[in-house]
1. How much of the accessible area of the chain, probe 1.4 Å, is carbon plus sulfur, in whole percent?
2. For every other residue with a beta carbon closer than 11 angstrom to the beta carbon of Met78, add +1 if it is Lys or Arg and -1 if Asp or Glu, then tell me the sum.
3. Could you calculate the FRET efficiency of Asp229 with Glu50 from 1/(1 + (r/R0)^6), where r is the beta carbon distance between them and R0 is 22 Å, rounded to 0.05?
4. Could you give me the ³J(HN,Hα) list for region 22-35, computed from phi with Karplus coefficients 6.51, -1.76, 1.60 and θ = phi - 60°, whole Hz, x at Gly and Pro?
5. From the backbone phi of region 140-154, what are the Karplus-calculated ³J(HN,Hα) couplings (6.51 cos²θ - 1.76 cosθ + 1.60, θ = phi - 60°) in whole Hz, Gly and Pro given as x?
6. Which shape class applies to region 95-242: rounded if a/c is under 1.5, otherwise prolate when a/b exceeds b/c and oblate if not, where a ≥ b ≥ c are the square roots of the Cα gyration tensor eigenvalues?
7. State whether region 57-166 is rounded, prolate or oblate according to the following rule on the C-alpha gyration tensor (a ≥ b ≥ c being the square roots of its eigenvalues): a/c under 1.5 gives rounded; otherwise a/b larger than b/c gives prolate, and the remaining case gives oblate.
8. Would you mind calculating the relative contact order of the chain from Cα pairs under 8 angstrom and at least 6 residues apart, reporting the percent as a whole number?
Amino acid sequence: MKFSPEQIPAHIAFIMDGNGRWARSRSFLRQRGYEEGAVSLRRITTHCRELGVRETTFFALSTENYLRRPRREISFLMKLLKTYLVKERAMLMDNNIRLTTIGDISSFPSDVLDALHETRTLSAGNDGMVMRLALNYGSRQEIINAVRALCADVREGRLDPDRIEDISEDVFSAYLADPQMKDPDLVIRTAGEYRLSNFLLWQSSYSELWITDELWPDFEVEHLEEALDAYVRRDRKYGAVVDSTSREASGNSGGI
Ligand code: FPP
């Protein structure tokens, strides 16, 4: 293996952009881009598992996409999601991967919700890696929901209104969509845009970012390894000043 286990990021989050452009550049319908995107999703998920990554999060559908894309495109994505959830059960079970989601899925068609429920339940006991799909997800909405839930706890006496200084980052994080989620160590965005697009804004405060021009359907294992090569070479300082002697003493340049 090219990387040692301690060099592998525990959590990698992906913004899978460029499916539409991939299709357009080949004069295909956009739908074909999403189908190829789903193939890429499987390839990258299984490779992350082989590398020993503990958590992956994939931005599969943003709230903005869900509200603004033509209905027929959303309806196609719903069908693709359902097919994916059924087809990938064997992959999840063979690789000991637990599927989970974040985002507001309450308005999804009932057959998609059923497939999701079944795949989540089936894979619930898997502990090799988490595969988290962000579906109709928006980070600002997630933060507002957390604030509302926290205020409700204050109102109902579960948090002491005279001790609001006790509301720490850890207390707040427990109100986010997936309280089990560790902050991503690395966020990878394909298709060359330099922005987070309302994805994991709280959780990615200290994440390393890797942006590549590759379009998501073209994102291969070698591109992931290129991102990891760059990641292991970076100093993660979390705002601290790092003196080179202590870094040499600790024997690595990551995870300070
Ligand atoms: C945004 O870029 C991406 C999406 C709206 C969806 C990504 C979805 C997949 C990769 C499909 C596979 C996932 C599942 C779970 C079925 P865009 O594709 O609109 O790209 P563009 O900016 O090039 O038009």
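1. Numbers: 6750 of 13570 Å².
Of the solvent-accessible surface of the chain, carbon and sulfur hold 50 percent.
2. Numbers: positive: Arg71, Arg72, Lys79, Lys82; negative: Glu73, Asp111.
Counting the neighbours of Met78, the net charge comes to +2.
3. Working: r = 16 Å, r/R0 = 0.75.
So, using R0 = 22 Å, E works out to roughly 0.85.
4. 4, 5, 4, 5, 10, 6, 9, 5, 4, 3, 4, x, 5, 4
5. Couplings: 4, 4, 4, 5, 4, 4, 5, 4, 4, 5, 5, 4, 5, 5, 5 Hz.
6. Numbers: a/c = 1.97, a/b = 1.22, b/c = 1.62.
Taking the square roots of the gyration eigenvalues as a ≥ b ≥ c, region 95-242 is oblate.
7. Details: a/c = 2.74, a/b = 1.52, b/c = 1.80.
Taking the square roots of the gyration eigenvalues as a ≥ b ≥ c, region 57-166 is oblate.
8. On the way: 360 pairs, mean separation 64.2, N = 256.
RCO, the chain: 25 percent.
The values are calculated or read from the model by the stated rules, or taken from the named source; none is laboratory data. In this text, all values refer to a predicted model and were calculated from it rather than measured experimentally. A quick note on method: Cβ atoms are made from the backbone with ideal geometry, for glycine too, and the neighbour counts reach across all protein chains shown. Note: areas computed on protein heavy atoms with side chains; ligands, DNA, RNA excluded. Shrake-Rupley method; radii C 1.70, N 1.55, O 1.52, S 1.80 Å.
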